Structures are given as C-alpha cells and as structure tokens.
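One structure is given below, encoded as structure tokens.
The values are calculated or read from the model by the stated rules, or taken from the named source; none is laboratory data. Being a predicted model, the structure only gives us computed values, none of them experimental. Cβ placement follows ideal geometry from the backbone for every residue including glycine, while neighbour counts extend to all protein chains displayed.
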Amino acid sequence: MDVQTLTYIVVGVTFALYIGIAIKSRAGSTKEFYVAGGGVPPVLNGMATAADWMSAASFISLAGIVSFVGYDGSVYIMGWTGGYVLLALLMVPYLRKFGKFTVPDFIGDRYYSQSARTVAVICAIFISFTYIAGQMRGVGVVFSRFLEVDVDTGVYIGMCVVFFYAVLGGMKGITYTQVAQYCVMIFAFMVPAVFLSIMMTGHIFPQLGFGAELLDATGNSSGIYLLDKLDGLSTELGFSQYTQGSKDMIDVLFITGALMFGTAGLPHVIVRFFTVPKVKDARSSAGWTLLFIAIMYTTIPALASFSRVNMIQSINGPESQGVPHAEAPIWIENWEKTGLIKWDDKNNDGKMFYSNTETNEMNVDRDIIVLATPEMANLPAWVIALMAAGGLAAALSTSAGLLLVISTSVSHDLLKKNLMPNISDKKELMYARLASAAGIIMAGYFGINPPGFVAAVVAIAFGLAASSLFPAITMGIFSRKMNKEGAIAGMLAGLLFTTVYIVYFKFINPSANVSDNWLFGISPEGIGMLGMVVNFAVAILVCKMTAPTPQAVVDMVESIRFPKGAGEAQDH
Amino acid sequence: MFQKWWLNNKLKRLISNNKLNKSTHLQRHYQYLFTQLNKPVSDINFLALDIEMTGLDHKKDEMVSIGIIPIIKGQIQPGYAQYKLLKIQGSVGQSATIHGVHDRDLTTALDTSEVIEWLLQQCQDKVLVAHHALLDIQFIEHALLKLGIPVHQLFAVDTLQLEKQRIYRKKQFIKNGELRLNACRERYYLPIYSAHNALTDALACAELLLAQLNKMGGLEHIKLQDILRKY
Amino acid sequence: MDNSELQPIFDFMRKLAPFDTLQEQTIKQCCSTLTIVYYSKAQKLVHVDTNQPQLYIVRTGAFEVSTQQGELIDRIGEGQFFGFSGMLSGEKVVNQVHILEDGLVYHLPASMFDQLRGSCYQFDRFFNRAFAKRLRNQSSLDRNAIDTARITNIMSKELTTIAPDATIHDAAMLMSNKRVSSLIVVDQKQLCGILTDRDLRSRVLAKGLGGNLSVASAMTQDPTTIESNSLIFEAMLKMSENNIHHLPVMSHNKPIAIITSTDLIRSQSSQPLLLIGQIQRQPNLESLIQVSQKIPDLLYNLISSDAKASEIGRILTSVTDALTRRLIALKQKQLGPEPMRFCWLSFGSQARQDQMAGSDQDNALILEKETTEQEAKYFKQLSEYVCCALNECGFPFCPGNIMAQNPVWQLTLQQWLQQFSKWIKSPDPTALLHASIFFDMRPIYGEISLFDQLQTSVLKDTKNNDIFIAALSQNALQSTPPLGFFRSFVIERDGREVKGIDLKHKGNALINDIIRIYALSVGIDEVNTSKRIERLVTQSAIDKDIAMNLLDAWEFIAHKRLTNQGRQFNQAQTVSNYILPDSLSSLARHQLKDAFKVIYEAQSTIKLKFLRQF
C-alpha cells in the first residue's frame, strides 16, 4: 500500500474515532456521570488541555526551528513551558474565584468599564487571529505533502476541514475527543523519534539518545556524540555552532519573556481550566497537562538533532561532496512537489549541496522537518501516515478553540454588547457563525502569505498577548489600586507599541529586520516583553493621575486574593 | 396556445354540427365549454361524476349506477348531489362485490335513455370531472350511440391525468396502484372513504380535484383550457 | 333522496360532537346544506366573508385563529370548528384564520347553524362553551388559580319549566314529580321568573292562600341569573351576595338550566379551596390521609375542566403546602413549641409550584443555630413525623433522600450558606444535580427571614458568576428535546417495550432548567418558571420572543402531559409522563414538534450566551 492510501486511511480512522467519541459522549446521559461520581478524571482532563495547548506550531514547527537554528530555538520551548506554569499556578486560581471565564469578562468587571472590556476583546480577537493564522499554515503543510499538492492548495483544503470541524461539527470542545486527539498526536510524534533514536544511538528514549554517542554502520558505538557531530557539520557548512546561540542574550531573554507572559494571556487556554468543577482537580489536571506537554517538548530537541544530521547527510552525502539530484532520496522529490524544498543548481554540477554560504543550492522550508523525518529515516509508510494524522489533530484541536473565541467575541462582545445591542439571539448565533467563517478565510490568507514561519507567527501572537492582556490581568488580580483609566491606557499603549514595531519590521520594511536596527537589539519576536513593560509603566502613570478605584472594587479584589468563604467551604 | 386554439376550433365545429341538434342539452354543454375555456377555474361549475359498471368493457358491460356532485365556484355542493340506478339487461353478477349494487336494488332503476338524458341536462352548464375519465366517457358515448346520437367528442377534466402529470414532473416512473383514487387522495391528506359507491367516489373525485388545483397554483390561476381534455 | 345522501359526510358528522346529539334526520338535513371547500397553505388565510357568516367544520388539515394583531387565540384541527364566534356574538368577525396544513373544510350556513342551536340545547351549549373558552384564551393570562371549573360542568342537565299562568297546584305537583326544589317560569321561551319551594312556603302557605293561585303571582320576578360561561366561583359569589340558593343559567337570553347551592357544594367537595379548608380542620393524621385521598380527584376534575396546566400546578402545590403546614402544626401541638427559630423549606417542583400527579417530596430545614442534643431530638421527631405523614398522604419519599428527616439537610443558616457556596464554587456533577433541585427553593413554614437571608446570599453568589452558570448550562445541554434530525420524534424504548416521549424530563424539565440558568445568572428571586420568565423579560435579561415561546411551549407540553395523565387515570392505567405520538392528532403532533423546537432553539441560545459555544 502506498503512503497516500495509508494516509487517507489513518486520517479517516482518526476522524471516525473523534466523531464516534463525540456521538457517544453526547448520547450518554448525565445520570451515568453521577453514578460514576465525578466527571472527567484529572489525568484525562490534563490530556485534553495538552491537546488544546499543543498546536500545529508545537507539533510541526517547533522541532523545525530547533533543528535549523539549534540552541536559539530553545527559547520557544522555555518560553512556552514557563508560560504554562505561570498561567496554571499564578493566574487561573484567582480568575476562577472571580467567576469569569473569559479574559474580556474579567477585565470588564474588574475595571468596571465597558471600554476596558472592549479593548480586551479587541486584543483577544487580535491574538487568537494571529495564532490561528499560524495553525492554517501548519495544516496547509500537512495537506500539501500528503495530497501532493502545493502548499497554497493545502491551506485551502485545510480551511475547509477546519471550517467543518469548528463551525458545523458538534465534536469540538468535548473532553474525550481531545483526549483521543492528544493520544494520536503524541503517538505520532514519539514513534519516529523513538525509531530514529534507536537507529542512530541505540537508545529507546529520544531524550537519552540526544546526549549519547552515534552508532556507526556496523551498529557499534562510533565514539562521536550526536551534538559534537552536529556542531562539526554546522561549522563546516558555515552555520554557527549548533549548541551555541547566535542571538544576543537580551533578545533571547525578551523572546522567552514574551512567550511566557503571552501564554498567560492566551484566551483559549484559560477557558479549559474552568471546565473542571473543583479547584483541586483543576490544579492536578494542570500538573498532568505539564507532564503531557513535557513528554513532547523534551523530545523536540532530540528529534530536531536527529533529523538535522539525517537531512544534511542525505543532501550532501557522507563525504560532504553533494549528492547528484538524479539520485536524490524520494523524500526530496516528494517535498519538491509542494514547493517547500527548492533546488537551484548554481554550479551546474547536477549535485545538491546544502550550506550557509554561497555554495548553498537548497532552499528547505523549516516547517517540513517533523513531517519529513519519517521519510528521511526510511521509516515504514504507516509512520508517515500517522504523522499526518497527528499534525491534523494538533491543528484542529487548537483552531477549533480559537475560532470559538474569535466568533463569540465578535458576535457577543463586540456586536451584541457594543455595536448592535438590539439583535436577537438567533441573529447573534448567525453572526457568530459568519465571524468564524470570516476568521478562517482571513487566517487562510495569512497562511498562504505568512509573515514568517509558523512558530514565528505564533510567537508574534504571544508577543501581542504579553503586551496587552497580561499586565491588565496581573494588575487586576494583584493591585487593589489599578483603575480603569490606567488599565485601558496600558493595554492600548502596549498593543500599539508592539504592533507598530512588528508591522514595521515584518511588513513595511522587512529588509531592515536585522539586529543592528532593532531597539535595544530586541527582535520583533521578543518585543512583546518590552511592550509589556511599556504597558505596566503607562498604566501605573495614568493610574496615579486619575480618579482612584471605587471601594467596592477594592473590596472585591481583596476577596479574590484572600478568600474567606471559599477556604471554609473547602474544609467543610 | 395550441391547446386553446385546438379546443376552440373543435368546440366551434361541434356547436355548428347539425347532427347533434337532437340534443339541446349537449349543444348547451358545448356552448358552455366554449365560453368558459378562457376563464379561471374558480369561476367554473364542474360536475364530478362516477359511474359503476358491471365490467370495464363498454362494448359488452353495462352501467349500473351514476353519482354526480356539482362544484360551484370552488365549493362542493353535497346538497345537490344525485344518484341514479340504471336498468340492465343481464345481472350485475360478480361486480356487485365491488359497487355493492345488487340486482334486487335495481327494481327502482331507470332506463339508460332516461338517465343519459338526465345526465346531459345536469351538465349543460357544467364541466365534467372524473377519475380515469376515459372509462366513464366511453360508457356514456356508447349509450349515446344507442340513442342515435353519434357523439365521439366529449370533454372532461380527468383527475387521474392531472395526478399523472404532477408525479411525472417529480420523478421518472409511476408505481402500480399509485394513481388509484384513494392513493391520490392520500397524497393530499384527504380522508379515505371505504365505500365503492358512485356517489361517494364522485365526492372523492371532487375533493381530489380541489386539492390538485390548489396544489397546482390555486383556482384563480388555472384556466379551464389548461386542464380540459377531449375524449 | 335517500340514495343521493353522501355516506362519508354523514358518517363524519354523526360522530362529531356536538352533532352527535342531533337526530339522524336533522344530521341528514344538515349534510345537505353543507358546502365543501379545500384550503391550501399557499393561500395563507381563510377568506372569511363577514356578510355571509357560516360555521367552518374542519374535516382535515390544521388552522390557527388569531386576532388581527397576530395574537394566537386557538389552534383548530380535525373535527373542530371556527367561525362560530361571529355568529354567537353577532359581531363582525375580526379574527384571522391562518392555514397551517392543507385540508377540507365543510361550510355550514348560518341559517342552519341557528336552527340547530334553537332546536337542540346541547348543541347550543357546546358552542357557547367553546365561545367562552375562546374568550378566556383571548383575554386572561392571570386568572385566579382557584376556581377554574365552569358552571356548565356541574349544573343540572334538565331544565324544568312552567308557564306563568299555570296554577300553584300544578307547580307543586311538577316539583315533587321531578324532585326539584325550583321551577323556571317561562313565557314564550323567555325567562320571566323563578319559583322555589321557599316561595311556596312563604308566599303561599304562610299567607293561607290556595293552590289555584297563578304561578306568576307567587314567583320571584326577574330573578338574578348567571351566564352559562361563568365560573363556579362567580356563581358562589352571586348566591352569597344576594342570599339566594338558585340561579337560572342563561345563554343568549334564554334559560338553559338552573344551578343550586347544592350543586355547588357537591362540586366543591373536591375543589381546592374546600380541600384546603378541610385540611386545616383535620385533627389527626388518619383524617388527613383520608382527606388527601381526594387529591387525585381534584387533579382529575381540574384536568377535565380544561384549566391551564400552570394553574393546576399552582393549585396542587397550594394543597401540598397546606398539608405540610397542618402536619407541622399537629406535631408541634404534641412536641411543644420549637426550641429555636427554624424554617421548613421545599425544593424542586413544590418550590416551583408545578407539582403534578405523583410528585415526590423534596424538603429540608434551616435552623437558626447549632443544635444541642435535646434540640436535635426535637427536630428529628418533628421532621420524621412530617415526612412519613406526607409519604402516607401520597407524596412519596424522595429517592435521593433530599428530605428534612435526613440529618444531612437539617443545617444551620451558616451551614446552608457554606453548602451553597461550595456548590457554586465547585460545580461538579453532584453539585449540578443538586442545583436543579436546591436552587429552586421556597419557604413553607416557620421563620421566613432565615430563608430570605439564604436566598439573598445564594443569588448574590450566582449572579454574574460566569463559571458556575457555564457549568449549569453545560449540564442542562446534556439532555435535548426528543426531536430527530429530520424533525421526527425520538421514541424512548425500554428493551422491546416502546415507552414513548417523556414529556416531563424531555420537555418541561428542560424548560425549567433553561429558565433557572437565566434567573440565577441575573439573581432573580422567583422560583416559579412562568414568574421567572416574567421577571426576566421586564429586566430584558432574555430575548422576549424566546421567553414567550418557552412559556407557550411549557404550557402546551404540560397540558398534553396532564390530559394524558387524566386519560390514564380515567382508564385506571398507571399514570406516567410518557405519551405515544401516534395517540396524538396531526395538529397536536405538529404543535408538540414546534414546542420541542422552541426548547432546542433556547438551548442553542444558552450555549452561545453562557458557554460561548455553538
């Protein structure tokens, strides 16, 4: 059976699984739940949250970035993991006590202001939107490879699938469906990583293989460590050393910060924490989530390194003299069809050569690394098919959540509460559906014309979240005095600052996007953190100059932070 | 267009046909048809008709009973419904199981000529309607022939034909029995009458016609020439 | 003539009330004056010619009568009528008749209709009642719940009349022959007086007059009368106001019956007010159990008097309330006064005031403070007595043990506050199950202020608590109305046995859930579903169309459930909430589907509004 047929079958089977679970969990009556005596167990809820969390960006793109840029790519891993911890431990418990499960609702109530709420809504829409655009690109890559079409067509197909899944299908947001998605995803990700690890280092766990010695052709230890080999290859080909970063420390710091604080402001993840009925369960499911994310994130560097070595060797040949294009491995041919690998025979020798100097003849899109890994390593066809299913699961679970945030924010928060208060509930539903359709179309546009790689686009979303929502939420919880004027001014200032910076370097003047031109040497990916600082500063300044917060709100904030009734009730 | 022209011509010729002068009723009937051709059916008087026979062959079987019920301006008039039994040469035989008229009932029956005369009188200002009109008309024409009125040109609205057109417009084929009176009525959610009695069937046919005309766009929008057929 | 009569029309008319009361010959005559018209949905409205009034008898199809403003008055299906209002009132018809489903309609001309009304009093009464019912539908929303029964249900069926120029002797003979206590004096069919046995005593015998006296001289002239479409309550009022015991019942200025105080008393024996009065007077449990055996009869009477389902619920609940209070009072007589302030709470259907047949008891106690052993014993005895007694009176124990006799639900105000706070903060499945019961609460007996404090605090916690409301919504959406993908009914089965549609759990309960969510989200302190809707609408917390549709759907489903139960009760079957769609007319099926669709739409609305999903 060829790869394509297998892909259809595996993707079909996983979809059937999701739908089947959705139908079954719908048919089961509430009473059965009661007999079982307690909803979804924290372990499963942890998996579901992890599925929400691990987007196409983590699944498809993160390993690609790490693979290509080496050490620098680890900022994403650090930032996202740190952000998750920050969110789960520091913010969610307070928001929960406040009784709000969307960020705009919290901000609107905390800052007793419809305008604050509207600003937050706009921020949330903006962020979700950027994030989803990144997902569309990922879905496009998956489809383009496995349906053997070019990447743009892949995005179109992905748009249709996501639309049906998110807008028309009734299976989104069902915990057990997401548990299944996580399982498909993690399985798809781990299988090639384990295979490669065994083949290259003899270790079953990729995490161990990462630090181990490579095997030679006879299967004996060659005495060369994986990372040393990579460092050697990289310097030889004119890349910076793999284990040495090329970014400035400050940039690394800021990107990590932006990702971390941005995570805390991401609207669709927060919601998940409130679907668990008990605070205690919420905590333990957050712990499980962290573990499930960690399984994947710790594998990423290993997988990235394995495939990097594989890729360079199969393009340049064992002697680093280049491989004739006519004899190129089948995976290169396959990916050339999608337009994501390009070969330009500059010296007309008929051989491919990959390097970071003018001798480079290959243009390899980073987003293909994870998907191409099984092919590079000549893994069986079913592993390749599984990757497709995993990539799709990652993209679908995240996009469905985000589309819901976008469409309900537009229909409920923007239209019903602001612009058109008189629309009927039926109309509201219609607008929500329209909004998600529009969301997909616009996301598709950015998927086809991306302002960066998937992970980078997503990083920008995080930057925007960090600069706009995070300070407002934090001060809302931890500062009794912060008033609405301060919060609104802060959010606007942060968002504006960050957007302008990003738009300038990414769209208006992309050629200037080098570290010399950057403010304090901070890249657009990391500017969100500076935007956050701006936000804090402006907010505090404006707060000092304007009327103090009403006493009722001060009391409310107190009660969130020092719960009286809740503690007793818990002990009861 | 063509239909109208054809009906028009046909009726004109019939009206001026001297052979038919024997029956003034028939003349008036044609005259009525001629003047009404272009009118909407909501303005037209119909006479729903059903004949029970001893068999289906007009050459050897005989009419047993006739039921008629008028529809005036779209309203069925049960008060003016009429029912006649006919004298027959032989016996009703097995057909009694279908129409329920037994030989013993026929003691009060009338001669065929009387009944035909009565029928023509009834329809002089009305348009005939029947379900599977061809059969009924064949019997009437045969009876007229015997009376020395050689008519081969009677006109009627056939609810079976109307139904057939309607079904064909929706699908390719018609199943056996789909055009039976009760089957047709079921499609319009009309009540099912059990008795196979000339008068009940005439009523059933009249109700079916109204339902069909309503479904075809309403009585105001259909003209007589659209639905009238020559037999 | 015989042969040309149309058997199917005759057969239909002969079985159709009120024509079934007519002579066969009259029905035939009737049939011959009919005309038959087919109405098609495409026409939208039935064109009613006001100058030529007639009775429209629906043979097939479905129609809807509404006012010119579009307010629905009545739905008409097979074997029902319209067009009679104008002929009865003599006013020009202003109502509109919409065609819902194609169908055949028989037109009966006004002349024939009037002739039938003149010649047959049952026929006339039928349409008068129909007209009165229509008027009620049109005008009243909030009638007093207590007296829904109509006098037409209890008045004597036979009218005994005498002419004014007859002698007293004749009158006395007639009265004793017919065993009646009064005679209607009629002159040329017009009422001119009433002669009662009291008149005979006081105006004839007491004055020493003889039996040759004319009736006219002894009768009460121009007596107080009552219209046939009145309520029993109105009749009672009239009698006590005028200190009389007989009321001629009039329809269109003609006497059609007489109603006596005895009729009223007989009818009232299972009427709510009387029943409540009886309950309050009973000295012990045994007699209370006996009295409460009348509750099913009361329910059946209410159903057959065609009262609104919401009213029946309120009436039945007021009986339960009275019973509970009486039981507490009885036990307290024995135990002595309470050692501390307390409040007897009811939850669920009793709190919502929509109790129906076989509702179980859900109740609890709020205590002022922690109890000592002695005090605990007092409340244990009290609550066990009341709960067991209620069980014996026909309100079975709560299967979930949510009862005042369960120590778990004898809490101090503080403990209740914490309990609710816990449910609200951790809406796990148990909490959500409890929410559907506990969050509908009403004080029955004792210190109301305890209840008020609890309710105020609970509503403060639920109001704007998006997470709790979202969890409630999620839970409410687990159960959906029994409509399939193509608007077909989903029938529940138990193994091979077809159970039908559960009108309670798949109908009314879903609406209660939806409305509770809205009410808690804005902190409305009503618990009755229709009152909650009213408040939600005034606060603009709910889409008005959806609210009104839900209200109609609730009433329709509950009414279907009640009439079904009434039928089951009447046929001595097990009373259940299940109904088989096949047993409904096509119109009712159509309406039931509409009602379920309304629920479905309301569910999508709360999904979007409170869960931010669609």
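See the values below:
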quantity	calculated
Residue within the range A:360-369 that is modelled with pLDDT under 75, buried (at least 19 other Cβ atoms within 10 Å of the Cβ) and outside any helix (DSSP H, G or I) present	no
Candidate set: the range B:178-215, residues that are acidic (Asp, Glu) and not in a loop (DSSP other than H, G, I, E, B); chosen: the one nearest to the other protein chains (Cβ to nearest Cβ)	B:Glu207
All positions within the range C:509-544 that are out of contact with any Asp or Glu (no Cβ under 8 Å at 6 or more places or on another chain), touching a residue at least 24 places away in the same chain (Cβ under 8 Å), surrounded by fewer than 23 Cβ atoms within 10 Å (Cβ to Cβ) and among the charged types (D, E, K, R)	C:Asp525
Hits in the range C:495-514 (condition: away from chain A (no Cβ under 14 Å) and either more than 25 Å from C:Asp354 (Cβ to Cβ) or not in a loop (DSSP other than H, G, I, E, B) (or both))	C:Gly495, C:Arg496, C:Glu497, C:Val498, C:Lys499, C:Gly500, C:Ile501, C:Lys504, C:Gly507, C:Asn508, C:Ile511, C:Asn512
Residues being modelled with pLDDT of 75 or more and part of a helix (DSSP H, G or I) - total across the range A:479-519	22
Among residues of the range C:135-153, those that are surrounded by fewer than 20 Cβ atoms within 10 Å (Cβ to Cβ) and at pLDDT 70 or above, counted	0
Qualifying position, being more than 24 Å from A:Leu253 (Cβ to Cβ) and touching a helix residue (DSSP H, G or I) at 6+ places or on another chain (Cβ under 6 Å), among A:Gly73, A:Gly46, A:Gly79, A:Gly83	A:Gly46
Yes/no for C:Ala547 being crowded, with 23+ Cβ neighbours inside 10 Å, assigned to a helix (DSSP H, G or I) and not assigned by TED's automatic domain parsing to the domain that holds C:Asp74	no
Count of the range C:352-401 residues which are among the charged types (D, E, K, R) and over 29 Å from C:Gln293 (Cβ atoms)	6
Identity of the residue in the range C:460-489, under 16 Å from C:His434 (Cβ atoms) and of a type in the set (A, V, I, L, M), that ends up farthest from the other protein chains (Cβ to nearest Cβ)	C:Leu472
Matching residues, the range C:31-55, being in a strand (DSSP E or B) and in contact with an Asp or Glu (Cβ under 7 Å, 6 or more places away or on another chain)	C:Ile36, C:Tyr38, C:Tyr39
Any hit, the range C:71-85, residues being assigned to a helix (DSSP H, G or I), at pLDDT below 85 and away from chain B (no Cβ under 14 Å)	yes
Residue ID - farthest from the other protein chains (Cβ to nearest Cβ), chosen from residues in the range C:1-14 that are in a helix (DSSP H, G or I) and at pLDDT below 80	C:Asp2
The one condition in (1) part of a helix (DSSP H, G or I); (2) of a type in the set (A, V, I, L, M, F, W, C); (3) in contact with a helix residue (DSSP H, G or I) (Cβ under 7 Å, 6 or more places away or on another chain) that A:Ile423 fails to fulfil	(1)
The range A:25-62, residues that are modelled with pLDDT under 65 and either away from chain C (no Cβ under 14 Å) or in a helix (DSSP H, G or I) (or both)	A:Ser25, A:Arg26, A:Ala27, A:Thr30, A:Lys31, A:Glu32, A:Phe33, A:Tyr34, A:Val35, A:Ala36
One residue from C:Ala588, C:Ala547 being modelled with pLDDT under 90 and within 14 Å of chain A (Cβ to nearest Cβ)	C:Ala547
Residue in the range B:56-78 that is assigned to a helix (DSSP H, G or I), more than 30 Å from C:Cys30 (Cβ to Cβ) and in contact (Cβ under 8 Å) with a residue 12 or more places away in the chain present	no
Residues located in the range C:436-473, provided they are out of contact with any helix residue (DSSP H, G or I) (no Cβ under 8 Å at 6 or more places or on another chain), part of a helix (DSSP H, G or I) and of a type in the set (Asp, Glu)	C:Asp452
Selection count where residues are β-branched (Val, Ile, Thr) and closer than 15 Å to B:Leu49 by Cβ, scope the range B:79-135	4
C:Leu16 over 18 Å from C:Leu104 (Cα atoms) and touching a residue at least 12 places away in the same chain (Cβ under 8 Å)	no
Pick from the range C:423-444, criterion over 26 Å from the mean Cα position of the chain (by Cα), within 20 Å of C:Ser346 (Cβ to Cβ) and surrounded by fewer than 22 Cβ atoms within 10 Å (Cβ to Cβ), ranking: farthest from the other protein chains (Cβ to nearest Cβ)	C:His434
Odd one out for A:Ala435 among (1) within 21 Å of C:Glu601 (Cβ to Cβ); (2) more than 10 Å from chain C (Cβ to nearest Cβ); (3) not in a helix (DSSP H, G or I)	(3)
Condition broken by B:Asp50, with the remaining ones in (1) of a type in the set (Asp, Glu); (2) within 23 Å of B:Glu207 (Cα to Cα); (3) part of a loop (DSSP other than H, G, I, E, B) satisfied	(3)
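Residues checked against (1) at pLDDT 90 or above; (2) in a loop (DSSP other than H, G, I, E, B); (3) under 15 Å from B:Ile69 (Cβ atoms); (4) within 14 Å of chain C (Cβ to nearest Cβ):
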{"site": "B:Val151", "(1), (2), (3), (4)": "no, yes, no, no"}
{"site": "B:Arg169", "(1), (2), (3), (4)": "no, no, no, no"}
{"site": "B:Asn176", "(1), (2), (3), (4)": "no, yes, no, no"}
{"site": "B:Gly217", "(1), (2), (3), (4)": "no, yes, no, yes"}
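Residue by residue, here is whether (1) away from every other protein chain (no Cβ under 11 Å); (2) touching a helix residue (DSSP H, G or I) at 6+ places or on another chain (Cβ under 7 Å); (3) basic (Lys, Arg) holds:
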| site | (1), (2), (3) |
| --- | --- |
| C:Leu16 | yes, no, no |
| C:Phe19 | yes, yes, no |
| C:Gln23 | yes, no, no |
| C:Leu34 | no, yes, no |
| C:Ser40 | no, yes, no |
| C:Val46 | yes, no, no |
| C:Asp49 | yes, no, no |
| C:Leu55 | yes, yes, no |
